[in-house]
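Read the structure below first, then the notes.
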Amino acid sequence: MRIDQNQIEDNNKKGLTQHKENFDFLANSLSKNGINAEEIVAKLSNFQVAIPSWALGAGGTRFGRFSYGGEPSTLEEKIGDIGVIHSLTQTAGAISLHIPWDIPKDYNAIKELASSHDIVFDAVNSNTFQDQQNAKESYKYGSLSNVSKAVRDQAIQHNNEVVAIGEKLGSKSITVWLADGSCFPGQQNFQTALQNTQDSLKEIHNDLPSDWKMFIEYKPYEPNFYSTVIQDWGTSFLLANECGEKAFSLVDLGHHLPNTNIEQIVSTLMMKGKLGGFHFNDSKYGDDDITVGSIKPYALFLIFNELVYGMENNKNNPDLAWMIDASHNVKDPLEDLMQSLEAIQEAYAKALLVDQKLLKAAQLDNDVVKCQEIIQNAYRTDVRPLIQQARLAVGGALNPIETYRMLDVRGNLIQKRGENIIATGL
Ligand code: LRH
Ligand code: MN
C-alpha cells in the first residue's frame with residue numbers, strides 16, 4: 001500500500017494553525033537562549049533510522065504469539081510497509097536485513113522497489129544462532145567460538161555470504177551478534193571460546209571490502225544463561241580493536257544488566273572512536289525489545305546527550321548507524337515502530353537543546369546543581385513542535401499514527417493479505 005502526498009497534506013490541514021502557533025512560540029523562546037530552532041529542525045529532518053526487516057510482523061515469546069493480521073510475508077511487502085512508515089514520518093529511510101530470513105530473490109527489482117520508497121539498505125545481519133535446513137554443521141554449541149573448526153569455518157563462510165548479499169544491495173556494514181556461550185559452569189573454556197571468536201572475527205574483518213564496517217553486538221545472556229562469549233561492551237571493544245579499523249561496537253539498549261550506565265559506555269566508545277551504532281528499543285527487566293522510550297525516556301535522552309557531545313568532539317568516531325531492534329507482541333507493528341521513531345527524535349531534539357558550553361563551564365566549576373539544571377531544562381522542554389516541523393518540512397504527517405488510522409492502512413493490509421499471514425523474523 002502506498003500513501004500519496006495529498007492524503008497526508010489533507011490530514012495535516014486541520015492541525016496546521018495550531019502547529020504553527022506552537023512552533024513559533026517554542027522557536028521564539030529558544031532564540032532567547034541563543035538556540036536556532038530551524039537548525040535543529042534540519043538535523044531532525046536528515047536523521048534517518050533503519051527499520052529491522054524482522055520486526056514488521058507480530059513478535060512472540062516461547063509462551064505464544066498472537067498474529068496481527070495483514071502481516072508482510074515477502075521482502076517486497078516488508079519494504080512496502082517500511083515505505084508507509086517512511087512516507088508518514090520521513091525518518092525511516094533505511095531497512096536492515098536479517099539473513100537468511102530475508103534473502104532477495106531479484107536484487108535489481110528489490111533495489112528499484114526500495115528506492116521508489118526512498119529507502120536504502122543499512123547494515124545486514126548474519127545469523128549463526130539458528131541451524132539452517134541441510135546445514136552440514138550445527139550451531140548448538142556455538143558458531144564462531146565453537147571448539148570445532150568445521151563449525152567455525154561454516155559460520156565464517158556464512159558471514160562472508162551475508163556481506164556478498166549486502167554488497168549487491170549497496171549496504172556498507174554487517175552486524176555480527178553471537179548467541180555463543182554456555183548454560184552451566186564448566187561447560188565451556190572461556191579463554192578457548194574467546195580466542196576462537198577473536199580469530200574468526202579477524203577472518204571476517206579481513207575479508208570485508210575496504211569501505212565496509214563490521215559491528216560487533218554484545219549481550220549479557222539469552223539464549224545462553226550462564227555465560228555469553230561477547231557479553232559486554234568491554235569484550236566487544238577489545239575484539240573490535242583486535243580486528244582492526246573496520247570493526248566497531250554496536251550498542252543494543254536491551255543488552256545491559258539492570259541499572260547499567262549505558263550513556264557512560266556510549267561516551268567511552270565514542271571517545272575511543274569505536275562506536276559503530278545502535279539497536280534502539282526499551283526494556284524494564286531483560287532484553288524485552290519493547291517500544292523505544294516507553295520505559296526509560298530519560299535514560300534515552302542522557303544517551304543522546306553523550307552522542308551530541310561525541311558527534312561534536314570525537315571526530316575520530318565514524319558516522320553512526322541508527323537502527324531499531326524491537327518486537328511487537330500486542331501492538332500493530334507499524335504503529336509501534338512509528339512510536340519508537342517519535343521517541344528517538346524526541347530524545348535527539350531534547351539533547352540538541354543542551355548548551356554544551358554552559359554545561360562544560362558548570363562542570364569545571366563543580367557547580368553540581370547548575371549542571372543538573374542545564375540538563376533537566378533541556379529534558380523538560382516539549383520539543384514535539386520541532387519534530388512535527390521536521391516532518392512537515394519534508395512532506396511528512398503532523399501526526400503519523402492519526403493519519404495511519406484515518407487512512408485505515410491496517411484494514412487495507414488485512415483485506416489484501418488476510419488475517420493469519422505470519423511474517424518471517426522473531
Ligand atoms: C539479539 C538481537 C540481535 C539480532 C536479534 C534479532 O538479541 O538483538 O541484534 O540479531 O536480536
Ligand atoms: Mn539487537
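Things to note:
- Rounded to the nearest angstrom and listed largest first, the equivalent-ellipsoid semi-axes of the stretch 277-426 from its Cα gyration tensor are 35, 18, 14.
- Distance in nm between pseudo-label sites at residue 416 and residue 103 (7 Å out along the Cβ direction from Cα): 2.7
- Normalised Debye scattering of the stretch 189-247 at q = 0.30 Å⁻¹ gives log10 I(q)/I(0) of -1.27, counting only Cα atoms as equal scatterers and leaving out solvent.
- Here the simple spin-label model places points 7 Å from the Cα toward Cβ, and for residue 36 and residue 24 these points are separated by 2.2 nm.
- Where chymotrypsin sites (Phe, Trp or Tyr not before Pro) fall in DSSP loop in the stretch 28-84, at most 14 other Cβ within 10 Å: 63, 66
- For the stretch 287-387, the solvent-accessible area with a 1.4 angstrom probe is 44 square angstrom per residue.
- Solvent-accessible area per residue in the stretch 75-176 equals 40 Å², computed with a 1.4 angstrom probe and all protein chains kept.
- Mean Kyte hydropathy of -0.5 or more with a Cα span along the axis of at least 27 Å, helices from DSSP in the chain: 149-169, 333-352
- Of the beta bridges in the chain, as assigned by DSSP with both residues counted there, near 15 percent are antiparallel.
- Taking a ≥ b ≥ c as the square roots of the Cα gyration tensor eigenvalues, the chain comes out oblate, since a/c reaches at least 1.5 and a/b does not exceed b/c.
- FRET efficiency for residue 62 and residue 161, using Cβ-Cβ distance with R0 set to 35 Å, rounded to 0.05: 0.75
- Secondary structure note: in the stretch 153-298, about 20% of the DSSP beta bridges are antiparallel.
- Residue 377/residue 192 FRET efficiency (R0 51 Å; Cβ-Cβ; nearest 0.05): 0.50
- The stretch 1-40: trypsin sites (Lys or Arg not before Pro) in DSSP coil with no more than 14 other Cβ atoms inside 10 Å: 2
- The portion of the accessible surface of the chain made up by carbon and sulfur, rounded to a whole percent, is 51 (1.4 Å probe; DNA, RNA and ligands excluded).
- Trypsin sites (Lys or Arg not before Pro) within the stretch 148-208, DSSP loop, no more than 11 other Cβ atoms inside 10 Å: none
The values are calculated or read from the model by the stated rules, or taken from the named source; none is laboratory data. Keep in mind the model is a prediction, meaning the values are calculated, not measured. As a convention, Cβ positions derive from the backbone with ideal geometry for all residues, glycine included, and neighbour counts pool all protein chains shown. All accessible areas refer to the heavy atoms of the entire protein, side chains included, with ligands and DNA or RNA removed. Shrake-Rupley method; radii C 1.70, N 1.55, O 1.52, S 1.80 Å.
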